[in-house]
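The values are calculated or read from the model by the stated rules, or taken from the named source; none is laboratory data. Since the structure is predicted, the reported quantities are computational estimates derived from the model, not experimental observations. Here Cβ is always computed from backbone atoms with ideal geometry, including for glycine, and neighbour counts include all displayed protein chains. Accessible surface areas use protein heavy atoms only, side chains included; no ligands, DNA or RNA. Shrake-Rupley method; radii C 1.70, N 1.55, O 1.52, S 1.80 Å.
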Amino acid sequence: TRRPSAKARFGLPDGSSLVMAPPVCPVLRGLGLCWALAEGSAGAARACEGRGGPGGEEATSCWSSLTGGPPVAKGQSLLQVHSALSELSAAGREEVYSAELLTMSSYKYGRFEASIQWAGADGVISSFFPWKPGSERQDRSWNELDFEATGLDGNGQCKMQLNMIGGYPGPQSNEQVVDLGPPNMCTALRTYTFEWTSDYIAWFVDGVQVRREQGSYVQQWNRGFSGNTGMQFRFNLWVGDYTFGGNFNQGSLPLYQYIDWARWYSWSPRTNGFTFEWQEDFNRPSMPSGWTFGDWRSPLGHSQHRSQNIVFKDGYAVLALTSSSMETPSPNNVPAPRQGSNIGGSTCSQAGQDCRGTGCCADAGLTCYAKDAGWAACMASCTPGIHLYDPPEYQTPWSCNVVGTGGAGSSSQPTPAPSPLGEENHYRKVSGVGAWGGWCTCPDGQRYNVGDNNDACANGPGSLACEGGTPGECMQQVDQSRDGMKVTCGGTTTPSTNMYEKVSGVGGWGGRCTCPDGQTYNVGDNNDACGSLACEGGTPGECMQQVDQSRDGMKVTCGMMSPDPSPTPTPGASAPAPPAGSCSAVGDDCLNTMCCQDSSMTCFEKSAYWGGCRSACTPGAIDPNDPVEYQTPWTCTVLGTAPTAPTPTPTPTPTALQPQGPCPAGWTQALWTYYISYAPCCQGNPNYDPAAGTEECDYYNACQWSGYFAYKNGQQSFDWVKSNNLVAFYTVNGNNGDFASKRIRVQAASKTIEAQIVDTCGDSDCNGCCTRNANKGGGNLVDMEYWTVMNNFGSTDVANGDICWQLV
């Protein structure tokens, strides 16, 4: 049967309407609702107020402003009234289209970061939120963090709300409204950051912490994650209403949310530090790889997400909010990000005015320069330091950081404007340099705002991208005008020979750099997940996403070519080799030294875990002289030959792939433990035993995750778990995802077995037990599933102590 209309359900005559009550009836979110009934031509208005939760309580009082008639909503539940309000407010209104952009992958513990300009209008929600997939399910815990621009305040400025949402099931929200100060977050790009670890969660804006949660509250929230389960990056733009976000006016459309970039850093419990992993700059005109869109109704049901409302233009991902009568968003009709116009119509700043809030200058010939945190002004130029024409009481140094340029329509991501360049100073944007940083003073007195070497200012002034100058303090605060900026001061001569050295800010992933003289060097990446090699002045080769200790931290600065070029390197040698004493002997692993003591031998690669000194090698062949258990094919990639010239030898640091402790060459040490996927203490499990111990159920979320594994889709059956060899693998090096779904060979209790890595270990599930246990086994943990232990070893008593492992 057809459902009666809201007017019919409330007994209202034709021509009447249901609207929000006047301010005398305040909105009590979560405690009740207020509404008013306007009865058409009769002009009689009745208002009703409800108390209690939103789940069905009756209205407690109704009154009429004119007639004193019967309470028309008496007996109607608040839920019914809210539904009627939504239905009537949508009647005659065009469909509104909204947008949600998200990553396909989830990320466990780390830093979620993005540069965003929010959409600004009352009744509109504009968000950046890490979210655990499946949180909406009744059998899952809800895990979500939010930066949420929620309409406008009484002064017509955008409001910011920070949320930490949990609950089993959820959502149960812990909200906090904050004043971010200038510049206006809806007219300027600002950087928004979540830091999520096993111990704390923090929200940052432009590098300044605005909220922090820690202790038992965070630990309890983290219990909603199992294994390597994490959260997606998500951004959305949608229509709210009077219950959340304010009073939406369709006349405010179209509206846009701009995302300049999104960035991910992993977190290591071993170092309690963050490591840059990737950045998406949205430079392509289509959906980037690894990202997708939402196609569902928005949270309150007032708009429909669709892919057409996500546009990629000029290096921005743009989320659009439009109505059905409007042109479909495209790069041709989506405007550039706003800059300088406050919501409500105020314009860019005039000369002499503080331009921090607007971020732009009304005079197109002026630039908004910052003096300090408390003042910025529109000027034709700016020299860092004290300005003698300032009033004496205000003669403090100017930073001259660029806040914005002239004209309300100018780009909100200004091009860095350095102080005037000396003829020989080279100030440029390069890879491998971050947005934290400070000032570099060159010998000619010129000062430059430079970034850090992507090392989180770890070396103080020495972290600045300041070559040949005097570095100042390295400030742990994002400044877009120095992001990627480096200076090489005049008088800093380019070396005539190649400089191959260990430096900060360079990682263990990497590849080969070829200098103009033909020499090649094994160098690391600029700690940017193979975005670039530490290869200055040379030709970079392929960057390989594989840790190689011999290049960890290694950079080369190629020398200038001269009429008498450097000698051509020995064929097969990829870099100057270490002294003979540090090269490998026959029978030793030469994977790290990449050279052989015997000059007639060549270091050939067998696999990612072994290399040997041999006189010849046939790719793909199996050497019958290898021990039987190691008779696998050789790749025969040439890693190096005999020593030719001395070079600095980086000190290797242990990784999960190095032989260590009691294990033979080619094997790696780990601690052996076991766990049970289908715990017998769970009533819904096929092996339920009421007499079983309840520790797994009480402390380790066992019943919530029976048959679920981080690297398998969906729930696996009890029979499947019993009949397959399964392990969870964990390493304190933090790269657990690299082992996902790999085959592992284990030597334990005088037996060798093979198993599949289907999961990892989550510290949040057991108060740090994964890291503690792994540290007992040289930094690695092999947590074997109960039935794998029983089927292969007969008893769980043996699953305790050191074992040896290798990937198959």
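Please pull out the direction-averaged projected area of the range 724-802, using the convex hull of its alpha-carbon atoms, in nm² to one decimal place.
Here the figure is 5.0 nm², rounded to one decimal.
Relative to 2.2 N^0.38 Å, what does the C-alpha radius of gyration of the range 221-276 come to as a ratio? Two decimals please.
Taking N as the residue count of the range 221-276, the ratio is 1.80.
K313: which lysines have alpha carbons under 26 Å from its alpha carbon, excluding same-chain residues fewer than 8 sequence positions away?
Within the straight-line cut-off, K313 pairs with K429.
For the range 251-293, what is the convex hull volume of the alpha-carbon atoms per residue, in Å³?
135
Per 0.36 nm of contour for each residue apart, how much would the distance between T383 and N687 grow if the chain were fully extended, relative to their Cα-Cα spacing?
101.9 nm
Full extension from D179 to T618: what is 0.36 nm times the residue separation minus their Cα-Cα distance, to one decimal in nm?
Answer, rounded to one decimal: 151.3 nm.
With labels modelled as points extended 7 Å from the Cα through the Cβ direction, what inter-label distance (nm, one decimal) is found for Q631 paired with S532?
5.0
Mind giving me the nanometre distance, one decimal, between the label points for R428 and S252, set 7 Å out from Cα along Cα→Cβ?
The answer from the label model is 4.6 nm.
Could you give the radius of gyration (one decimal) and Dmax (whole number) of the Cα atoms in the range 139-285, in Å?
When restricted to Cα atoms, the range 139-285 yields Rg and Dmax of 16.8, 53 Å.
Can you say what percent of the DSSP beta bridges in the range 699-802, counting only those with both residues inside, are antiparallel? Round to 5.
In the range 699-802, approximately 80 percent of DSSP beta bridges are antiparallel ones.
Over the Cα atoms of the range 148-190, each weighted equally, I'd like the Debye log10 I(q)/I(0) at q = 0.15, 0.33, 0.35 Å⁻¹, rounded to two decimals.
-0.45, -1.19, -1.25
Ordering V239, V177, V210 from largest to smallest accessible area (1.4 angstrom probe), what's the sequence?
V177, V210, V239
With a sphere of radius 10 Å drawn around the Cβ of A202, what net charge do the other residues whose Cβ falls strictly inside it have (Lys, Arg +1; Asp, Glu -1)?
+1
Full-extension gain between D738 and S105, please, as 0.36 nm times their residue separation minus the C-alpha to C-alpha distance.
226.5 nm
Measure up K132/K712; K132/K742; K502/K555; K108/K712; K371/K486; K555/K606 against 18 Å on the Cα-Cα distance and list the ones that go over.
Exceeds cut-off: K132/K742; K371/K486; K555/K606.
To the nearest 20 Debye, how big is the dipole of the range 280-339 about its Cα centre, given +1 on the beta carbon of each Lys and Arg and -1 on that of each Asp and Glu?
With Lys and Arg at +1 and Asp and Glu at -1, about 120 debye.
Need the C-alpha centroid separation for the range 598-639 versus the range 582-597, integer Å.
Each part's Cα centre sits 12 Å from the other's.
In what order, largest first, do D483, D372 sit by accessible area if the probe radius is 1.4 Å?
D372, D483
Please give me the summed charge of the neighbours of Q117: other residues whose Cβ is under 11 Å from its Cβ, Lys and Arg +1, Asp and Glu -1.
+1
Using only alpha carbon pairs under 8 Å that are at least six residues apart, calculate the relative contact order of the range 182-246 and give it in whole percent.
Worked out over the range 182-246, it gives 19 percent.
What is the local net charge at A740, summed over the other residues whose Cβ is closer than 14 Å to its Cβ (Lys, Arg +1; Asp, Glu -1)?
Charge balance near A740 sits at +2.
For the residue pair S599 and Y200, what label-to-label distance in nm results when each label sits 7 Å from Cα along the Cα-to-beta-carbon direction?
5.9
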